[in-house]
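Note sheet for the following structure.
The values are calculated or read from the model by the stated rules, or taken from the named source; none is laboratory data. Note that the structure is a prediction, hence the values are computed from the model and not measured. FYI the Cβ positions are ideal-geometry reconstructions off the backbone, even for glycines, and counts take in every protein chain you see. When the accessible area is computed, the model is the full protein with side chains, heavy atoms only, and any ligands, DNA or RNA have been set aside. Shrake-Rupley method; radii C 1.70, N 1.55, O 1.52, S 1.80 Å.
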Amino acid sequence: PFQVVGGKVKKPGKRGRKPAKIDLKAKLERSRQSARECRARKKLRYQYLEELVSSRERAICALREELEMYKQWCMAMDQGKIPSEIKALLTGEEQGKAQQNSTKLAKAGKTEANCSNP
């Protein structure tokens, strides 16, 4: 049985467009091109991720070195010595302020040293 919809006769069966006769060579070439583009995108993505990992590893190394430097400063201040780097920071200030700050830094260094040791 046929249906009449809007003055047109429709046959029962599959809906949608009929598959066009696609040239097999063209289809294979499109598939190859798509695969080439996919591999290129994948390569770029991996390069980006490798660069990101490398930069993060460098940042981690720099932070570890900085942390080690601060640990050394704290250990020196625990022994009553003021590291030359901290003295250099304090030399630009007034003598009274420098003495107050060095006392504060020494106390802070001891606190930090105690907190950082597990």
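Taking segment 71-89 as the range and being within 36 Å of the chain's Cα centre (by Cα) and open to solvent by less than 70 Å² (accessible area, probe 1.4 Å) as the test, the residues that pass are Trp73, Cys74, Ala76, Met77, Pro83, Ile86, Ala88.
Looking at Ile60, is it open to solvent by less than 100 Å² (accessible area, probe 1.4 Å), modelled with pLDDT of 90 or more and either on the phi > 0 side of the Ramachandran plot or among the β-branched types (Val, Ile, Thr) (or both)? Yes, satisfied.
Give the number of residues within segment 69-90 that are in contact (Cβ under 8 Å) with a residue 40 or more places away in the chain and not in a helix (DSSP H, G or I). Working first, answer last.
Our first condition is that a residue be in contact (Cβ under 8 Å) with a residue 40 or more places away in the chain; within segment 69-90, this holds for 70-71, 74.
Retained after the next criterion (residues that are not in a helix (DSSP H, G or I)): none.
Of the residues in segment 69-90, 0 are in contact (Cβ under 8 Å) with a residue 40 or more places away in the chain and not in a helix (DSSP H, G or I).
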